[in-house]
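Engineer: The structure is given below, and queries will be raised subsequently.
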Amino acid sequence: MRFVSAPVILAIGLVLGACAQQPPWGNAPLPIEPEAIRTGEREAVRTGQSQASNELVVLLPKADGSAGAVVVRSDGSGPVILDKPYAAARIEGAGHVQPLTYDADLAKNEFRATLTALPVRPATFLVYFLEGKDELTPDSELEVERIFADIAARSGPEISGIGHTDAVGTNQYNDQLSLQRAQRVREDLTRRGIPGKYIEIAGRGKREPVVRTVADAPEPMNRRVEVIVR
C-alpha cells in the first residue's frame, strides 16, 4: 500500500497518489488499467504543505485529452474511483472522501505554476529506411525535422536512437546495418545543431521486429530507428 499526503495532488493522466492505491480486486475485471497505474506513479505532483485533514486529488487529462484512473482511499471512507478528466475527491476531517468534479478552467488557472514547472514529457519518434541501406525514406526525412523541433524546445535533452532491420541477411550484417541507421539519424541531428553528446545510439539488428516475418523476408516497418527524446 502506498500513501501520499498533501493538500493538493494533481493526478496527471494515470496516477496512484494521495491516499490512492491499487484496489484489491483479485481476479475480477479491473476498472482501471494496471499498466497505466505503474506508469502513472511517476507522474504524481504535490504542492503546498502537508495537511492531512484537508486534501484534494484532481485527475488532469493527458496531452491527448484522455484520462486514466485513480483510486482514492482513506481509513475513514470507502474507495472513490476518479476516471474522467477533472474528476476530483476531497479528503476532509477524519478521512471522509467526497467525490466532486473540478472546473477545468479553474484547474488550469489554480495549478498553472505547478503545471508550468513540470518537465516536458518524453516523446517517441520512428523513422524508416530503404531496404538494405541507411538512407531514410522521403517521409522520414520530414520526420527528422519534427524530431529536431522537439529537441530544440527542451533544455538539456537526452536522446536515444535504436536502430533495427528486417529479416533479410545474417545477424552480423543486420547488427552493423542497424547501428549505421542509428548513426545516420544522429548525424542528421548534429548537422542541425544538436550536440552529439546528447545522443546515444545502439543497433539491435533484426532481433526486435514490429512485424513478424519468415526468415529473409523484407518488411518496411521493421527497417527503422526509434528515437526517444527526454
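Engineer: Of the residues in the stretch 99-127, how many are assigned to a strand (DSSP E or B) and either surrounded by 12 or more Cβ atoms within 10 Å (Cβ to Cβ) or touching a Gly at 6+ places or on another chain (Cβ under 9 Å) (or both)?
Structural biologist: Step one: list which residues in the stretch 99-127 are assigned to a strand (DSSP E or B), which gives 99-101, 123-127.
Pick out the ones that are also either surrounded by 12 or more Cβ atoms within 10 Å (Cβ to Cβ) or touching a Gly at 6+ places or on another chain (Cβ under 9 Å) (or both) and you get 99-101, 123, 125-127.
Final tally of qualifying residues: 7.
Engineer: Please determine whether any residue of the stretch 207-218 is at pLDDT 95 or above, farther than 13 Å from L126 by Cα and in contact with a Lys or Arg (Cβ under 8 Å, 6 or more places away or on another chain).
Structural biologist: no
Engineer: Looking for whichever is closer than 17 Å to V229 by Cα and outside any helix (DSSP H, G or I) here; the options are I151, I194, I147. Which one fits? Quick ask: steps written out before the conclusion?
Structural biologist: Numbers: I151 fails: outside any helix (DSSP H, G or I); I147 fails: outside any helix (DSSP H, G or I).
After applying the criteria, what remains is I194.
Engineer: A further question follows. Output yes when any residue across the stretch 38-53 is among the hydrophobic types (A, V, I, L, M, F, W, C), in contact with a strand residue (DSSP E or B) (Cβ under 6 Å, 6 or more places away or on another chain) and at pLDDT 75 or above, and no when none is. First the steps, then the outcome.
Structural biologist: Here is the first cut: in the stretch 38-53, the ones among the hydrophobic types (A, V, I, L, M, F, W, C) are 44-45, 52.
Still in the list and also in contact with a strand residue (DSSP E or B) (Cβ under 6 Å, 6 or more places away or on another chain): 45.
After this cut, where a residue has to be at pLDDT 75 or above as well, the list is none.
No: zero hits.
Engineer: Cβ contacts < 9 Å: first residue without any contact (Cβ under 8 Å) to a residue 40 or more places away in the chain, restricted to the stretch 100-120; second residue part of a helix (DSSP H, G or I) and open to solvent by less than 90 Å² (accessible area, probe 1.4 Å), any location; separation 6+ or different chain. Result?
Structural biologist: Partner pairs satisfying both residue conditions: K108/L115; V120/D150.
Engineer: Another question, then. Cβ-Cβ distance below 6 Å, separation of 6 or more or different chains: which pairs start in the stretch 215-228 with a residue that is open to solvent by less than 70 Å² (accessible area, probe 1.4 Å) and end on one that is part of a helix (DSSP H, G or I)?
Structural biologist: V225/R181; V225/A182; V225/V185; V227/I147
Engineer: Tell me whether the stretch 151-167 contains one or more residues that are among the basic types (K, R) and over 22 Å from E219 (Cβ atoms).
Structural biologist: The first filter runs over the stretch 151-167 and keeps only residues among the basic types (K, R), leaving 154.
Cutting the leftovers down to over 22 Å from E219 (Cβ atoms) gives us 154.
Yes, there is a match, as at least one residue in the stretch 151-167 is among the basic types (K, R) and over 22 Å from E219 (Cβ atoms).
Engineer: Name the single residue, out of those in the stretch 141-150 being of a type in the set (A, V, I, L, M, F, W, C) and open to solvent by 50 Å² or more (accessible area, probe 1.4 Å), that is nearest to P220 (Cα to Cα). Break it down into steps so the answer makes sense when it comes.
Structural biologist: Narrowing the stretch 141-150 to residues of a type in the set (A, V, I, L, M, F, W, C): 142, 144, 147-149.
From what is left, the residues that are open to solvent by 50 Å² or more (accessible area, probe 1.4 Å) are 142, 148-149.
Details: L142: 17, F148: 23, A149: 25 Å.
So the residue we want is L142.
Each row is one residue, and each column tells you yes or no for (1) small (G, A, S); (2) assigned to a helix (DSSP H, G or I); (3) crowded, with 20+ Cβ neighbours inside 10 Å.
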site	(1), (2), (3)
D139	no, yes, no
P157	no, no, no
I162	no, no, yes
G169	yes, no, no
Y173	no, yes, no
Q180	no, yes, no
L189	no, yes, yes
E200	no, no, no
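Engineer: Out of the residues in the stretch 202-214 meeting the condition of being out of contact with any Ser or Thr (no Cβ under 7 Å at 6 or more places or on another chain) and assigned to a loop (DSSP other than H, G, I, E, B), tell me which one is surrounded by the fewest Cβ atoms within 10 Å (Cβ to Cβ).
Structural biologist: Filtering the stretch 202-214 for residues out of contact with any Ser or Thr (no Cβ under 7 Å at 6 or more places or on another chain) gives 202, 207-214.
Restricting the remaining residues to those that are assigned to a loop (DSSP other than H, G, I, E, B) gives 207-214.
Details: R207: 12, E208: 13, P209: 18, V210: 11, V211: 11, R212: 9, T213: 15, V214: 7.
Here the answer is V214.
The values are calculated or read from the model by the stated rules, or taken from the named source; none is laboratory data. Owing to the predicted nature of the structure, the values given are computational and were not obtained by experimental measurement. Neighbour counts are summed over all protein chains in view; Cβ atoms, including those assigned to glycine, are modelled from backbone coordinates with ideal geometry. With ligands, DNA and RNA removed, areas are computed over all heavy atoms of the protein, side chains included. Shrake-Rupley method; radii C 1.70, N 1.55, O 1.52, S 1.80 Å.
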